[in-house]
Every structure is written in C-alpha cells, then in structure tokens.
Amino acid sequence: MNRVSKTNYYLNIAQTVAERSTCLRKHYGAIIVKNDSIISTGYNGAPRGRQNCCDLGFCQRQKLNIPRGERYELCRSVHAEANAIISASREEMLGATLYMACTDPESRDIIGGTTSCGMCKRLIINAGIKEVIVRETFDSYTVYEVKDWIEDDDSLSGVFGY
C-alpha cells in the first residue's frame, strides 16, 4: 500500500480548498496546520458581500493589462493566505505551517512556481507562522522558512517603489 505523505495530504486539502476560488486568473487554496490539526482554510475571492470576478465576468487587473505580480491592490480578491489567517487566532498560528496550492481555473492543472506576494508575506510573518509549503507538482513542493523572509527583507529592495 502506497500511503500519501503527510505533506502531500495537506497539499491535497489545500488544492481542494482552491476549488472554491472565484478568481478568473488563478485558483489558490491555503490551509494552516499546527500539531497535525487544521486550524483554518482560505481561498482567493472577493470580500464577503462583494461580487466576485467570476460573477462579474471580468478581472480588473486583466482588463487593465497589469502583469502578474504587480499592483495587487487593484485585485478584487482577498488572497488565500490572508483569508486563512483572518480565520484563526494568532495563538493557534504561532509555529504553524501554511500549505498552499495553485491551479488553473479552466484546466484545474497545478501551477508551480508560485509563492506568497509581499503583502501576504507580511501577514504570514506577523501571524507567527513558521513555514510555508507550496505545491509545485502533484508530488513535489517547495518549503519556505518564514525566518528567511524576515532576514531577507524584500521591502527594502525597491521592489515596492519606496
């Protein structure tokens, strides 16, 4: 019997959470786990009560031809990591692991090579999360140590236009 690894088990759950996403560009799902207990889940979608991009039939960033990774403040969605974080208490998240998966909205294929944006990295740092594990393929993933995001402060590199 080939039993799925614990990491891929949680990544499978994050990928299932992504199926609730309402984004037209990419579906993200995130779960926060501590001591083998799922604390919270989140997917990318408009704030509660607002219309989702899938309901409107367009993506504002796409409509404005904004490249991937830029101008997230114009996105209607709350990111998956942020939704998972706001659904849990900080005490629960201290030392926890955030698992994340990204899929194509049409094909449902896994999209590798993604990670948290600068805004979500700051939320993850303040939440006290220890590591972020992102699915690359069905069997592979990348582990990000949050302490590295603290030490390598990308907000000082001029990327954000400061």
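The values are calculated or read from the model by the stated rules, or taken from the named source; none is laboratory data. Note that the structure is a prediction, hence the values are computed from the model and not measured. Note: ideal-geometry Cβ built from the backbone for every residue, glycine included; neighbour counts use all protein chains shown. These area figures cover heavy atoms from the full protein model, side chains too; ligands, DNA and RNA do not enter into them. Shrake-Rupley method; radii C 1.70, N 1.55, O 1.52, S 1.80 Å.
Annotations
- Solvent-accessible area of the chain (1.4 angstrom probe, protein heavy atoms only): carbon and sulfur portion equals 48 percent.
- Between the amide H of ILE129 and those of GLY95, distances stay under 5 Å, these residues lying 5 or more places away or on another chain, with hydrogens modeled in the peptide plane.
- Whole-Hz ³J(HN,Hα) from phi, Karplus 6.51 cos²θ - 1.76 cosθ + 1.60, for region 39-55, glycine and proline x: 8, 7, 9, x, 9, 7, x, 4, x, 3, x, 8, 5, 7, 4, 5, 7
- Sites matching GluC sites (Glu not before Pro) across region 80-162 that sit in DSSP coil, with at most 15 neighbouring C-beta atoms within 10 Å: GLU106
- Region 94-162: C-alpha gyration tensor shape, a/c 1.5 cut-off, then a/b vs b/c: oblate
- Of the residues PHE58, VAL143, ASN35, the one whose Cα sits farthest towards the positive end of the charge dipole of region 32-162 is PHE58 (charges of +1 on Lys and Arg Cβ, -1 on Asp and Glu Cβ, taken about the Cα centre).
- Rg ratio for the chain: its Cα radius of gyration over 2.2 N^0.38 Å, N being its residue count, equals 1.02.
- Where trypsin sites (Lys or Arg not before Pro) in DSSP loops with at most 10 other Cβ within 10 Å are excluded, longest remaining stretch of the chain: 69-162
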